[in-house]
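Heads up, the thing below is written out as structure tokens.
Readers should treat all values here as calculations from the given coordinates under stated rules, not as data from a laboratory. On a predicted model such as this, the values are computed, not experimentally measured, just so you know. Neighbour counts are summed over all protein chains in view; Cβ atoms, including those assigned to glycine, are modelled from backbone coordinates with ideal geometry.
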Amino acid sequence: MATIIGNVCCSHVPAIGGAIAKGLQQDPYWKPFFDGFPPVRDWLAKARPDVAVIFYNDHGLNFFLDKMPTFAVGAAPEYRNADEGWGIPQLPPIAGQQDLSWHLINQVIGEDFDLVTCQEMLVDHALTIPMALLWPDQKWPVRIVPVCINTVQFPLPSASRVYKLGEAVGRAIRSWQSDARVLVMGTGGLSHQLDGKRAGFINKDFDLQFLESLEHDPKWATKYSIHELVEKTGTQGVELVMWLAARAALGEGLVRKVHANYHIPISNTASGLLALAPA
Amino acid sequence: MTLTSTPAPIPGTTLFDGEQARKGYALNKMCYSFNEAANREAFRRDEDAYCERYGLDEAQRDAIRNRNVLQLIAAGGNVYYLAKFAGILGLDVQDLGAQQTGMTKDAFKAMLVAQRGE
């Protein structure tokens with residue numbers, strides 16, 4: 001059976017892609033953010049994942065409002081980035097792990113989640129930037145299964161529903177007949193708001209509590225409604241539900257923190273990074 | 001029976017719900033088209049004709065003409081699609097934040113840094 005080696009969750013701000021392209025990792029503005037990653041890369045080099053299941057949200061590259069799935073799972077042989085309208089460089093294509101895609105689809109729909117399945121799927125910065133942060137040479141050592149959760153159009157799925165989806169995805173991975181080593185990623189957040197007179201809103205206290213909760217009390221944030229999460233973390237801070245899904249996939253056993261980083265601000269965002277492994 | 005209650009609005013915040021998605025469909029569809037460079041170029045060449053092609057209403061066309069983010073949101077725009085329009089104008093999300101909060105960009109950036117609270 002496949003093994004889940006742990007979680008990496010991090011922010012996915014487009015400007016990070018620009019900073020990577022310009023080689024600004026040691027620039028004073030960017031250094032506190034990029035310096036979070038080497039310890040996580042060291043851990044990954046030892047943990048040797050060969051598959052990554054990635055919870056993320058599309059920002060209007062693959063999905064438009066004509067068809068807006070709540071949960072969509074990729075089942076493609078390959079995933080490509082494309083022009084998102086404002087010109088961050090595109091990254092090399094990433095191979096899909098189609099066997100796991102279909103196993104996951106079968107198992108998770110079997111648990112009463114109504115997934116949309118995608119045999120063609122463009123992946124936007126929310127997926128590619130975290131990949132480039134973990135593997136800066138962009139020679140991807142993992143095949144991927146993208147899981148896209150709607151955070152564009154309300155109503156969004158509740159935090160508790162997303163957590164249950166993550167649990168089901170975790171069960172599916174663990175029941176997959178394979179010797180694969182699977183990393184589960186969540187991308188987005190932490191607190192930020194791009195739109196409205198409240199643009200620039202950040203909530204450090206909540207973010208730090210959330211980071212702490214993922215280690216010791218992972219269901220903590222599921223007590224909040226989406227409306228409450230928007231109030232506490234901003235209209236885009238609600239992307240933190242991706243982290244909840246990823247964490248839920250680890251299951252109920254104890255976890256240990258591999259590394260964490262938190263920095264305000266990257267662009268308009270409180271940036272976070274958290275790597276967890278089963279204890 | 002439990003009645004569904006509407007939670008109190010969050011100040012300075014518009015949730016992009018069904019009502020907004022319905023109102024803003026043409027505007028967002030136009031902005032979504034800006035994923036393609038050829039469409040960005042067509043917009044630059046003849047802005048009014050491009051808006052016309054997507055069937056924007058008067059409020060949406062005014063908001064586009066004025067490059068006004070709060071007006072665009074009021075007209076049903078969603079920030080993820082509007083960001084693609086902002087890209088044509090060479091504006092980043094901090095420019096958008098500054099405009100919406102009535103600050104200079106430097107003041108907006110300083111406000112973000114201040115939230116470190118160190």
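Averaged over B:92-103, how many beta carbons belonging to a partner chain fall within 10 Å of each residue's beta carbon?
Average per residue, whole number: 5.
Return the Rg/Rh ratio of segment A:1-47 with Cα-based radii and a Kirkwood Rh.
1.08
In angstroms, what radius of gyration and Dmax does segment A:149-219 have, counting Cα atoms only?
Spelled out, the Cα radius of gyration and Dmax of segment A:149-219 are 15.7, 51 Å.
So for the pair A:Arg41, B:Asp48, with labels modelled 7 Å out along Cα→Cβ, what separation do we get in nm?
Distance between the two pseudo-spin positions: 5.3 nm.
From the gyration tensor of the Cα coordinates in segment A:1-118, what semi-axes in whole Å does the equivalent ellipsoid have, largest first, with each one equal to sqrt(5λ)?
Taking √(5λ) for each Cα gyration eigenvalue gives 29, 21, 12 Å.
Between segment A:160-214 and segment A:9-31, how far is it from one alpha carbon centroid to the other, in angstrom?
Going from one Cα centre to the other spans 21 Å.
Run the dipole for segment A:46-175 about the Cα centre, Lys and Arg Cβ at +1, Asp and Glu Cβ at -1, nothing else charged, and hand back the magnitude in debye, nearest 20.
Charge dipole of segment A:46-175: 460 debye, to the nearest 20.
Can you find, among A:Pro49, A:Tyr224, B:Thr6, the residue sitting farthest towards the positive end of the charge dipole of the protein assembly as shown, where Lys and Arg contribute +1 and Asp and Glu -1 at Cβ?
Highest projection toward the positive end goes to A:Pro49.
Could you give the dipole magnitude of chain A about its Cα centre, charging the beta-carbon of Lys and Arg +1 and that of Asp and Glu -1, in debye to the nearest 20?
Approximately 500 debye in magnitude.
Using Cα pairs closer than 8 Å and at least 6 residues apart in sequence, work out the relative contact order for segment A:192-237, in percent.
Computed value for segment A:192-237: 51 percent relative contact order.
At 0.692 mPa s and 37 °C, plugging the Kirkwood radius over alpha-carbon pairs of chain B into Stokes-Einstein gives what diffusion coefficient in µm²/s?
209
Run the simple label-point estimate for B:Asp62 and A:Met1 please: 7 Å along Cα→C-beta, distance reported in nm.
It works out to 6.2 nm between the two label points.
Counting alpha carbon pairs within less than 8 Å and at least 6 residues apart, what relative contact order, in whole percent, applies to chain A?
It rounds to 31 percent for chain A.
May I have the convex hull volume per residue, in Å³, for the Cα set of segment A:187-266?
Convex hull of Cα atoms, per residue: 89 Å³.
Using a 10 Å Cβ count of at most 14 others and DSSP loop calls, identify the longest part of chain A lacking such GluC sites (Glu not before Pro).
Segment A:121-251 is the longest.
Mean shadow of chain A, computed from the convex hull of its alpha carbons, in nm²?
13.1
Given contacts defined as C-alpha pairs under 8 Å and at least six residues apart, what's the relative contact order of chain B, whole-number percent?
26
Taking θ as phi - 60°, what are the ³J(HN,Hα) couplings along segment A:139-148 by the Karplus curve (6.51, -1.76, 1.60), each to the nearest whole Hz, with x for Gly and Pro?
So the Karplus estimates, Gly and Pro as x, are 9, 5, x, 10, 8, 10, 10, x, 10, 9 Hz.
Using a cut-off of 24 Å between alpha-carbon atoms, which lysines can reach A:Lys31, once sequence neighbours fewer than 8 places away in the same chain are excluded?
A:Lys22, A:Lys139, A:Lys204, A:Lys257, B:Lys105, B:Lys109
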